[in-house]
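Reading through the structure tokens given below for one structure.
The values are calculated or read from the model by the stated rules, or taken from the named source; none is laboratory data. Since we're looking at a predicted model, the values are computed, not measured. Because the Cβ atoms are built from the backbone with ideal geometry, glycine has one as well, and the counts that use them run over all protein chains shown.
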Amino acid sequence: MSPFEYAPAPESRSVVDIASSYGLFIDGEFVDPADGTMFKTVNPATEEVLADVAEAGETDIDRAVRAARRAQETVWGPMPGSERAKYLFRIARLLAERSREFAVLETLDNGKPIRESRDVDVPTAAAHFFYYAGWADKLDHAGFGVAPRPHGVAAQVIPWNFPLLMLAWKIAPALATGNTVVLKPAETTPLSALLFADLLRQAELPPGVVNIVTGARETGAMLVAHPGIDKIAFTGSTAVGKRIAREIAGTRKTVTLELGGKAANILFDDAPIDQAVEGIVNGIYFNQGQVCCAGSRLLVQESVADEVVDRLKERLATLRVGDPMDKNTDVGAINSAAQLERITRLAEAGTAEGATRWSPACDLPEQGYWFPPTVFTDVSAAHTIAREEIFGPVLSVLTFRTPDEAVAKANNTPYGLSAGVWTEKGSRILWMADRLKAGVVWANTFNRFDPTSPFGGYKESGHGREGGRHGLAPYLVDGSTD
Ligand code: NAD
Ligand code: MG
């Protein structure tokens, strides 16, 4: 060990009790699945099995949707917004009180560094409930028409990259507006949603208002196809999003889709380079790059490209990759063997098509799913790694000469979720933001999330917004049009 290495600083896992098996959370109770099917969730950093989890089938989905309907019509819908707000505030407070438990469980099930689940995922999830609690009694005056009312029962399907945070993005606005929910977490990360179900019982949320059905894609498909669903909110891959949109065409169901991305992080020659390098690192190595809005394409102005890449490599050599439960870890494990396989395949395509691949020296653990932080230079816009979403810690560096060229290259993608601009000039930030086809444009920062700010895509990144006042709209019907 060199004099400046960090000693191990492991977080204790004793703060959370993981049961050996979990049922479905339907109508306020944990119940066994009707046909008894179970699946396993593992810790991707060690491949240790954490628990057996129920796989919901047709009968279970039907029970959950009926419970949600009954709760919506008899309890949650008729309840004054000011009363619903009290439950949301209570949920937010309990999440904050139990934050350590949630952070440890999230890291064990997902593989993300404890520093991120502790400092980003869990506090931001609590903040969403606080924020939407404040809207629950103000909906009549918020610009959604006269006496807006809820759709009814929402089916919500979420991915594995931010399991608790995506749950909060979905459930908080749905409950604030008087809808009830059947939510399906991702199959590799169901545990924080099940702990959240336990928290809902502690909050004494009326039974049936939130139901959690675990399972994989078949369960998700059955849920969105159920005729008792009024509104669908989906976050995940563009392929599945398109499929859902096709399947519900012509039905009364409405849908919001938060899908993939291939964001450009654009660095001009007048940018503060040290800060920008931190922003690039945060943009693509945060959460192992498994972020829909990740800054996976770095567009750097030609005159500073060599300097930026050199400084970036120096910085990457200091990142600590390894045990996600260590409080000093910067980059944790990839979420699953399947995701690791996808990242590996796309990175190999980068080399095969002629780009130059670089990673810092790092010892990866023997067990578990790992991929080192990786940078590709000599990338052209036609390369697979410049076009396809990799959803891993892999950065493609491209260059540009003029602002017009930067805009053209940034928008040269079927996606449009986010973008970043690094420059000293405020006027240039506004000029760029006007032209970038991206739902979020960050200026001199990246990957900042706040419940007050809407988030969502253009083009194949989906439609509809989550967060902010905008995030209420998909859950409301204008009552004056009845
Ligand atoms: P995925 O689309 O395979 O799965 C997402 C969720 O949908 C999971 O819960 C899965 O079980 C479920 N699902 C799968 N097939 C389904 C079907 N036919 N019907 C209904 N549900 C189904 O994606 P993934 O591999 O889990 O997640 C990675 C992808 O998600 C990436 O492409 C990423 O960009 C995207 N993503 C987007 C956002 C966003 O906010 N826009 C956030 C996170 C992830
Ligand atoms: Mg897991």
When the range 336-360 is checked residue by residue, the ones that are assigned to a loop (DSSP other than H, G, I, E, B) and either under 30 Å from P163 (Cα atoms) or of a type in the set (S, T, Y) (or both) are S336, S359, P360
Residue check: is V49 within 30 Å of Y369 (Cβ to Cβ), more than 16 Å from ligand 1 (Cβ to nearest atom) and not in a helix (DSSP H, G or I)?
yes
Subset of the range 225-249 [in a helix (DSSP H, G or I) and more than 17 Å from the chain's Cα centre (by Cα)]
A225, K242, R243, I244, A245, R246, E247, I248
Go through the range 316-339 and give me each residue that's out of contact with any strand residue (DSSP E or B) (no Cβ under 6 Å at 6 or more places or on another chain) and under 15 Å from T374 (Cβ atoms).
L316, A317, D330, I334, Q339
Tell me whether the range 192-213 contains one or more residues that are within 16 Å of ligand 2 (Cβ to nearest atom), hydroxyl-bearing (S, T, Y) and in contact (Cβ under 8 Å) with a residue 12 or more places away in the chain.
yes
Scope the range 14-41; condition touching a Gly at 6+ places or on another chain (Cβ under 9 Å) and either assigned to a loop (DSSP other than H, G, I, E, B) or more than 20 Å from R201 (Cα to Cα) (or both); matching residues
D27, G28, D32, P33, A34, D35, T37, F39
Matching option when the condition is more than 30 Å from L50 (Cβ to Cβ) and not hydrophobic (A, V, I, L, M, F, W, C), among P159, P185, P148, P113:
P148
L398, sole failed condition from (1) closer than 27 Å to S461 by Cα; (2) part of a helix (DSSP H, G or I)
(2)
On the given criteria, is L257 surrounded by fewer than 23 Cβ atoms within 10 Å (Cβ to Cβ), under 22 Å from P451 (Cα atoms) and modelled with pLDDT of 95 or more?
yes
Has the range 278-290 got at least one residue that is surrounded by fewer than 17 Cβ atoms within 10 Å (Cβ to Cβ), away from ligand 1 (no atom under 16 Å from the Cβ) and touching a residue at least 60 places away in the same chain (Cβ under 8 Å)?
no
Can N444 be described as under 21 Å from T124 (Cβ atoms), outside the structural domain of G134 (by TED's automatic domain parsing) and touching a residue at least 12 places away in the same chain (Cβ under 8 Å)?
yes
Of the residues that sit in the range 324-371 and are buried (at least 17 other Cβ atoms within 10 Å of the Cβ) and small (G, A, S), which one is nearest to D119 (Cα to Cα)?
G332
Examine the range 299-306 for a residue that is in contact (Cβ under 8 Å) with a residue 60 or more places away in the chain, more than 15 Å from P159 (Cβ to Cβ), of a type in the set (D, E) and away from ligand 1 (no atom under 16 Å from the Cβ), and state whether such a residue exists.
yes
Yes or no: V104 crowded, with 20+ Cβ neighbours inside 10 Å, within 27 Å of the chain's Cα centre (by Cα) and over 21 Å from T189 (Cβ atoms)?
no
Is the range 77-95 home to any residue that is at pLDDT 95 or above and within 30 Å of E47 (Cβ to Cβ)?
yes
